[in-house]
Amino acid sequence: MRNNKDLIWAGAAVLILTIVGAIGYMLIEHYQLLDALYMTVISMSTVGYGEVHKLSSGGKIFTMFLILSSLGIVGYFLTQITQNIFRTQVGFFFGRNQRQINIRKMKNHVIVCGYGRNGRQVASELVAHGEKVIVIEEKHNIVAENLGNEIQFFEGDATEDEVLLNSGIATAKALITALPIDADNLYVVLSARALNPNLNIISRAADESAEKKLRMAGVNSVVTPERIGGSHMATLVAQPDVVEFLEKLNVHGDSPVQLMEILCSGLPADLINKPIKDIDFRKLTGINILGYKTASGEYIVNPSPDTRLYPDAKLFVLGTRAQIKDLSNRLGGVVH
């Protein structure tokens, strides 16, 4: 910030000196505006071109003053430009090394391929949920613009194995590929699945044929933005209040009330095989239980009070972050 301010001040000084020079020649030598600016510029730049017409004594004295003043001011301005360019480039390359070191230390992070409209939204939501995120982006200008972002950026082509490896795919817990071309997404999925067989992979797809190929390549989940958007718009016409109500129960990280899942990975012995009604979650934490997933993968919507808790089962709950954290602590669970 200080360097930017210095550059602005230097630029302002050059502009002021140019205006003073033009006005001076107009008053002393009675030049027209264009001729006055011409004389000012060639004097400040010391290029040595000829005068518009022979200068008077006052004009010569003013020109000497202008040249001497410009030596310091223009020189300072050029120095600031050079320093800013140098610092930017050096900062980027040194920062890149530091970012690579930070990435190598990361574990259980999420890799997002592509920082377009979908990728930007995905990364923002993940950060809001407290996830560690690494974005792989091929365009240098996008990476440079986001150097101060809390999201880690890695510049490179996500379809290359080396880029995925340098992004920590071996220790990542999930990969989301949001590239605009389905063929690129498919290529990334194939590479990612080979590099980390246990990785949770989610991919964007533009059409049904691409969705089938992605699932064959090993994607865990496929998202089609057009299908979701069309369904959402149709529901806004058919059942607008339902949509508005569901938006109140949003899963966005910045919502006060959230719908989240709790994995009962460390369920206490006194709660194993215990019915939900005997625990009374609502009274203890204020949480509402909306769904249940058994360890075998069966989903139960609005589970009955007689539903029993077992290790590695999942509860889908609605509440504030504090309430969800309280319940997770009681169940020895992990919040997702």
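Read-outs throughout are calculated quantities, based only on the coordinates presented, and are distinct from any laboratory measurement. Bear in mind the structure is a predicted one, so any value in this text is a computation, not a measurement. Positions of Cβ are backbone-derived with ideal geometry, glycine not excepted, and every protein chain shown enters the neighbour counts.
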> Per the Debye formula with a single identical scatterer at each Cα and no solvent contribution, what log10 I(q)/I(0) holds for the range 249-335 at q = 0.14, 0.19, 0.22 Å⁻¹?
Replying inline: -0.41, -0.79, -1.07
> Using Cα atoms only, what is the angle between the long axis of helix 321-331 and the major principal axis of the chain, expressed in degrees (0 to 90) to the nearest 10?
Replying inline: 40
> Given T79, T171, I300, which one lies farthest toward the positive end of the charge dipole of the chain, if we put +1 on the Cβ of every Lys and Arg and -1 on the Cβ of every Asp and Glu?
Replying inline: T171
> Does anyone have the angle between helix 208-217 and the longest principal axis of the chain? Alpha-carbon axes, 0 to 90°, nearest 10?
Replying inline: 70
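So, counting K/R as plus one and D/E as minus one, what does the shell of residues with Cβ under 11 Å around D35 add up to? Walk me through the numbers on the way to the answer.
On the way: positive: none; negative: E29, E51.
Result for the local shell: -2.
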> Spin-label point model (7 Å from Cα, Cβ direction): what's the T171 to E150 distance in nm?
Replying inline: 2.1
> Ordered by residue, what ³J(HN,Hα) values in Hz, to whole numbers, does the range 218-232 give under the Karplus form 6.51 cos²θ - 1.76 cosθ + 1.60, where θ = phi - 60° and Gly and Pro are x?
Replying inline: x, 6, 6, 9, 10, 10, 10, x, 5, 5, 5, x, x, 5, 5
> Taking H as built 1.01 Å from N, whose amide H comes closer than 5 Å to the amide H of L267, not counting residues under 5 places away?
Replying inline: D312
> Based on the Cα atoms of the range 106-229, what semi-axes does the equivalent ellipsoid have, where each is the square root of 5 times one gyration tensor eigenvalue, given in whole Å with the largest first?
Replying inline: 21, 16, 14
>> Longer than 28 Å from Cα to Cα, which of K132/K283; K173/K283; K107/K274; K173/K213 are they? Say none if no pair is.
In response: K132/K283; K173/K283; K107/K274
> Using modelled amide H (1.01 Å from N, peptide plane; none on Pro or chain starts), what sits under 5 Å from the amide H of L290, excluding residues fewer than 5 places away?
Replying inline: F316, V317, L318
>> What are the ³J(HN,Hα) couplings of the range 140-146, residue after residue, when phi is run through the Karplus curve with 6.51, -1.76, 1.60 and θ = phi - 60°? Round to Hz, x for glycine and proline.
In response: 4, 5, 5, 5, 5, 5, 10
>> Among I201, L27, S43, which residue has its Cα furthest toward the positive end of the charge dipole of the chain, with +1 on Lys/Arg Cβ and -1 on Asp/Glu Cβ?
In response: I201
>> Residue by residue through the range 197-204, what is 3J(HN,Hα) from phi via Karplus (6.51 cos²θ - 1.76 cosθ + 1.60, θ = phi - 60°)? Round to whole Hz and write x for glycine and proline.
In response: x, 8, 5, 7, 10, 10, 10, 7
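Pull out the extension gain between A295 and N273, defined as 0.36 nm times the separation in residues minus the alpha carbon to alpha carbon distance; nm, one decimal. Mind showing how you got there, number by number?
Values: separation 22, 0.36 × 22 = 7.92 nm, distance 1.27 nm.
Taking 0.36 nm per residue and subtracting the Cα distance, the gain is 6.6 nm.
Work out the length of the dipole vector of the range 213-336 about its Cα centre, built from +1 on the beta-carbon of each Lys and Arg and -1 on the beta-carbon of each Asp and Glu, and round it to the nearest 20 debye. Could the numbers behind the result be given before it?
Values: 14 positive and 13 negative charges, 48 e Å.
In total the dipole reaches around 240 debye.
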>> Given N residues in the chain, what is its alpha carbon radius of gyration divided by 2.2 N^0.38 Å?
In response: 1.57
> About the Cα centre of the chain, what is the dipole size in debye to 20, counting +1 per Lys and Arg Cβ and -1 per Asp and Glu Cβ, all else neutral?
Replying inline: 860
